[in-house]
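Written below as structure tokens is the structure these notes are about.
The values are calculated or read from the model by the stated rules, or taken from the named source; none is laboratory data. The structure displayed is predicted, hence computed values, not measured ones. Glycine gets a Cβ as well: all are built from the backbone with ideal geometry, and neighbour counts include every protein chain shown.
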Amino acid sequence: MKRTVIIGNSGGGKSTLARRLSAASARPHIEIDSLLWQPGWQLTPAEIYGAEHARLIAGDNWIIDGLGRRESIPARLDRATDIILVDMPLWVHFWLAAERQQKWSRGSIEHPPAGLAKMPPTEALFRTIWEVDQEWMPEIRQLVAAEGRKGKRVVRLGSIAELEAFEN
């Protein structure tokens, strides 16, 4: 069975890619944002998130996208057979997130993160993108590289063109 993790900063197109790959492969798509967030952008309690995350990654055939809680990333990567790291320049994440916020504010967003009706505050979203880039991404890159050294298939997508052209 195949277990694919798509990971990277917010606003980078991870969920869009996951939906596309899921449809092409008939594997279930799990969006970590829907596990992490409750209505009103309230975090799911850590113990509930942890138990559900463990249950989901125990499966044998899935595509999981998103960051989730930082402490859950190593277990997810360890369980994966394939890892796609969306690792574009910071400005691209800001740009794509701004486009998504505009669509959301116009009511034309097709797949809102976590399926939530309320748009996240733009300032908080951009602060998160900055913090993930500065504080999380160096560690995520190291974790992904370590999984690659174990023989797992690792693909790094560093541009919108690479993201759009990627086929599993």
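What to note about this one:
- The lone exception for R69 - which of (1) over 23 Å from P120 (Cβ atoms); (2) surrounded by fewer than 19 Cβ atoms within 10 Å (Cβ to Cβ) it fails: (1)
- Residues in region 121-140 include at least one that is farther than 19 Å from V92 by Cα and modelled with pLDDT of 90 or more.
- Within region 15-29, the set of residues being at pLDDT 95 or above and touching a helix residue (DSSP H, G or I) at 6+ places or on another chain (Cβ under 9 Å) comprises L17, R27, P28, H29.
- For the condition at pLDDT 95 or above and loosely packed, with under 14 Cβ neighbours inside 10 Å, G115 does not qualify.
- Sole residue being within 11 Å of the chain's Cα centre (by Cα), farther than 18 Å from M119 by Cβ and modelled with pLDDT of 95 or more, chosen from I73, I48: I73
- So G151, is it over 22 Å from D87 (Cα atoms), without any contact (Cβ under 8 Å) to a residue 60 or more places away in the chain, loosely packed, with under 11 Cβ neighbours inside 10 Å and among the small types (G, A, S): no
- Criterion (under 15 Å from G13 (Cβ atoms), more than 14 Å from the chain's Cα centre (by Cα) and β-branched (V, I, T)) met by exactly one of I160, I129: I160
- If you check V92, V154 for being within 17 Å of the chain's Cα centre (by Cα) and closer than 19 Å to T16 by Cβ, only one passes: V92.
- Selected residue (criterion: nearest to S10 (Cα to Cα)) from residues of region 51-71 that are without any contact (Cβ under 8 Å) to a residue 24 or more places away in the chain and touching a helix residue (DSSP H, G or I) at 6+ places or on another chain (Cβ under 7 Å): H53
- Of the criteria (1) at positive phi; (2) exposed (fewer than 15 other Cβ atoms within 10 Å of the Cβ); (3) of a type outside the set (A, V, I, L, M, F, W, C), which one E47 fails: (1)
- Of the residues I140, I63, the single one that is under 20 Å from L17 (Cβ atoms), in contact with a strand residue (DSSP E or B) (Cβ under 7 Å, 6 or more places away or on another chain) and part of a helix (DSSP H, G or I) is I140.
- Hits in region 1-31 - residues which are crowded, with 18+ Cβ neighbours inside 10 Å and either more than 22 Å from W95 (Cα to Cα) or over 16 Å from the mean Cα position of the chain (by Cα) (or both): R3, T4, V5, L21, S22, R27, H29, I30
- Checking I109 against (1) over 17 Å from I32 (Cα atoms); (2) touching a Lys or Arg at 6+ places or on another chain (Cβ under 8 Å); (3) of a type outside the set (S, T, Y); (4) outside any loop (DSSP other than H, G, I, E, B), the condition it does not meet: (4)
- Subset tally (residues that are of a type outside the set (D, E, K, R) and in a strand (DSSP E or B)) for region 66-100: 4
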